[in-house]
1. Where in the stretch 23-96 are there helices (runs of 4 or more DSSP H), lying fully within it, with 2 or more residues that are exposed (fewer than 15 other Cβ atoms within 10 Å of the Cβ) and over 12 Å from the mean Cα position of the chain (by Cα)?
2. Does the stretch 12-22 hold any residues that are exposed (fewer than 14 other Cβ atoms within 10 Å of the Cβ) and of a type outside the set (A, V, I, L, M, F, W, C), and which are they?
3. What are the residues in the stretch 1-36 that are small (Gly, Ala, Ser) and in contact with a helix residue (DSSP H, G or I) (Cβ under 8 Å, 6 or more places away or on another chain), if any?
Amino acid sequence: MTEQASTLYAKLLGETAQIGWQELQPFFARGQLLWVGEALDLVEVAQAVAEDAGAKVAAWLQAGQVAKVDEARAQDYLQRDPDLWAVVVSPWVLIQERSAGASLH
């Protein structure tokens, strides 16, 4: 990882925060939420989006590890109100559900 990349990673890590579904609903309504699977590092995905690493992001999308939040997932989050972590890479808000006690990668 280059110094510039590690600086961006650190910046994004510092901007990552726990958030509830209620606060995320306006972003869902605008189609700006990206779900990140638990197996991935949320900040690494955010960094790839910020750096416009199209091939890497496309591979995650193809594998179903990253996806736009759909109606079914939104309904699930509304009913369960799980622990979510989010980071903004404009215009996107990337979110990831964390199981109890899990920390950022």
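1. Working: elements: 42-50, 54-62, 71-80.
Filter on the stretch 23-96 gives 54-62, 71-80.
2. The first filter runs over the stretch 12-22 and keeps only residues exposed (fewer than 14 other Cβ atoms within 10 Å of the Cβ), leaving 14-15, 17-18, 20, 22.
Correct list: Gly14, Glu15, Gln18, Gly20, Gln22.
3. If we filter the stretch 1-36 for residues that are small (Gly, Ala, Ser), which is where we start, we get 5-6, 10, 14, 17, 20, 29, 31.
Passing the criteria: only Ala5.
Coordinate-derived values only; no laboratory data. This structure is a prediction, so every number in the text was calculated from the model and none was measured. Because the Cβ atoms are built from the backbone with ideal geometry, glycine has one as well, and the counts that use them run over all protein chains shown.
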